[in-house]
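Heads up: the structure comes next, in structure tokens.
Every number in this text was worked out from the coordinates using simple rules, so none of it is lab data. All of these numbers come straight from a predicted model, not from anything done at the bench. All Cβ positions, glycine included, derive from the backbone under ideal geometry; neighbour counts span all protein chains shown.
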Amino acid sequence: MKFAFLVFLLLAAGPAQAASIEDIFSLYAQGDYEQAAQAGQASHSAPGLAIAARAVLADEVLRDAPCLSCLERAESLARAAIAADKHFAYGHIWLAVALGYEARVIGMLRARLKDLPNQSKQALDAAIAADPKNAYAVSALGGWHIEIVRGGGATLARVLYDARESQALALFDQAVKFAPENVAVHYQIALALAGFDAEKYRPRVVCELKMATSNIARTAYEKRIQARASELLGLMNDADAFEAKLNRYQGFP
């Protein structure tokens with residue numbers, strides 16, 4: 001009842017009564033992603049716009065199938081957050097995440113033609129420059145390295161983008177050190193390594209999925225991905241089923 005009343009107040013509020021960042025994040029944390037997106041966009045602030053982008057991304061990731069227009073909306077909101085404050089790390093983080101998912105939907109060739117890998121890298125570099133110990137940014141940069149190597153092979157990835165498997169692993173280790181109890185960070189590391197080579201990194205994938213399921217979920221989104229992590233753990237001995245579910249959860253069409 002209290003939450004429903006909060007939503008009513010935010011919808012009824014005029015420009016002079018803009019929602020606070022705490023209220024916008026509360027909407028996101030409760031899983032009311034569209035209301036969080038609308039309230040965040042209406043704030044015209046970097047934190048509010050970044051939460052809006054995060055909310056749209058959460059809603060898209062939890063869908064049964066990829067939604068390119070949703071990802072483009074998240075990208076637009078993240079770019080607006082950066083325009084509002086280029087030193088606010090989360091605008092850059094959610095921009096990179098949106099571009100990464102877009103690349104999976106449109107395919108490697110189109111992604112390279114649109115220069116999405118370089119744009120993602122620039123965004124993550126900016127995020128880490130603004131907030132060097134941000135576990136989301138550090139783990140996402142690790143994911144960028146592993147995804148580039150996965151898509152083009154070790155030699156091409158190194159020559160074209162200076163992306164390296166070893167660097168991905170170092171960044172993943174660093175991210176876990178910065179946020180050892182972060183459900184989303186553990187989950188994303190597991191997805192990245194499983195998507196790259198599930199057999200090679202099986203012990204690490206299992207460890208990260210177990211950490212994702214055992215730590216405290218602090219948002220509705222984290223509760224949902226905990227369920228996914230548990231599901232993936234249960235499929236580890238069925239390679240075909242695991243791969244099919246993994247591809248879906250990574251956002252591939």
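Descriptive notes on the structure:
- Using only side-chain charges placed at the Cβ, +1 for Lys and Arg and -1 for Asp and Glu, the dipole size of segment 160-248 relative to its Cα centre rounds to 320 debye.
- Residue of GLY142, GLY48, GLY234 that the Gaussian network model of the chain assigns the largest fluctuation, springs spanning Cα pairs under 10 Å: GLY234
- Potential extension, ILE216-VAL159 segment - 0.36 nm per residue separation minus Cα distance: 16.5 nm
- Relative to the longest principal axis of the Cα atoms of the chain, the long axis of helix 202-214 makes an angle of roughly 20 degrees.
- Debye, to nearest 20: dipole size of segment 50-148, +1 on Lys, Arg Cβ, -1 on Asp, Glu Cβ: 140
- The distance linking segment 144-163 with segment 113-135 is 16 Å (Cα centroid to Cα centroid, whole angstrom).
- Packing, taken as the mean count of other beta carbons within 10 Å per residue, orders the peptides 62-69, 38-45 from highest to lowest as 38-45, 62-69.
- Fully extended contour minus Cα-Cα distance, from HIS44 to ALA239, at 0.36 nm per residue: 65.6 nm
- With pairing defined as another cysteine C-beta under 4.7 Å, the cysteines of the chain that fail it are CYS207.
- Gyration tensor (alpha-carbon) shape descriptor, segment 54-162, a/c threshold 1.5: oblate
- Here the sum of -39500 (n - 2.57) over DSSP H runs of 4 or more residues, divided by the residues of the chain, equals -25000 deg cm²/dmol at 222 nm, to the nearest 500.
- C-alpha long axis of helix 2-12 to longest principal axis of the chain, angle in °: 70
- Cα gyration tensor shape of segment 133-253, rounded if a/c is under 1.5, else prolate or oblate by comparing a/b with b/c: oblate
- Among the listed pairs LYS114/LYS245; LYS114/LYS177; LYS177/LYS245; LYS86/LYS114; LYS114/LYS200, those beyond 30 Å (Cα-Cα): LYS114/LYS177; LYS114/LYS200
- Top positive-direction residue, dipole computed over the chain with Cβ charges, set ALA83, TYR101, VAL205: VAL205
- Low-density loop positions, chymotrypsin sites (Phe, Trp or Tyr not before Pro), segment 86-143 - DSSP coil, at most 14 other Cβ in 10 Å: none
- Angle of helix 21-30 to the longest C-alpha principal axis of the chain, folded into 0 to 90 degrees and rounded to 10: 60°.
- Assigned charges on the beta-carbon of Lys, Arg, Asp, Glu; the chain dipole about Cα centre (debye): 240
- Eligible aspartates and glutamates near LYS121 by straight Cα distance, threshold 18 Å, same-chain separation 8 or greater: GLU72, GLU75, GLU102, ASP131, GLU147, ASP162, GLU165
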